[in-house]
Amino acid sequence: MNWGATTPSCAGCRSPTFEAGTVEDIFGRLLAALRPGGTLSFFAYAGMPPLRRAFTTGGARERTLAVQAVVGRTLDRHRFRTETVFGNLPPAHVHHLAPVAPLLAYAG
């Protein structure tokens, strides 16, 4: 089968259960492994980040905030589309990410 510029994959990664550095490493490795034109897609349950922030305390809260910061930075840098699946319970956001070219240094 010829998949062209993409390699299909499916992963259910429970990022809130990992340390922030691990989540950052996972995203970095998955994005780096994409072929040119490839897309990394993952889902996150709608409404969960604010609930996690509201109902976690102590070390779990610190880890939650750190993981959410990593996911937020990754989405800001790599996301090109998000879809919401209301037929899922709970509803889920499906985020589509692509690698970005490294910034070129200014030689001015």
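Beta carbons closer than 9 Å, at least 6 apart along the sequence or on distinct chains, pair a first residue in region 38-52 that is open to solvent by less than 70 Å² (accessible area, probe 1.4 Å) with a second that is assigned to a strand (DSSP E or B) and among the β-branched types (Val, Ile, Thr) for SER41/VAL94; PHE42/VAL94; ALA44/VAL94; ALA46/THR84; ALA46/VAL85.
Within region 56-91, the residues that satisfy the criterion of being farther than 19 Å from LEU30 by Cβ, touching a helix residue (DSSP H, G or I) at 6+ places or on another chain (Cβ under 8 Å) and β-branched (Val, Ile, Thr) are THR56, THR64.
Here is a yes/no grid of residues against (1) open to solvent by 40 Å² or more (accessible area, probe 1.4 Å); (2) touching a residue at least 60 places away in the same chain (Cβ under 8 Å); (3) of a type in the set (Ser, Thr, Tyr):
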{"position": "THR64", "(1), (2), (3)": "no, no, yes"}
{"position": "HIS78", "(1), (2), (3)": "no, no, no"}
{"position": "LEU89", "(1), (2), (3)": "yes, no, no"}
{"position": "ALA92", "(1), (2), (3)": "no, no, no"}
{"position": "ALA98", "(1), (2), (3)": "no, yes, no"}
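The values are calculated or read from the model by the stated rules, or taken from the named source; none is laboratory data. Since the model is a prediction, treat every value here as computed from it, not as a measurement. Every residue, glycine among them, receives a Cβ derived from its backbone with ideal geometry; neighbour counts consider all protein chains shown. Protein only, heavy atoms only, side chains kept; ligands, DNA and RNA dropped before computing areas. Shrake-Rupley method; radii C 1.70, N 1.55, O 1.52, S 1.80 Å.
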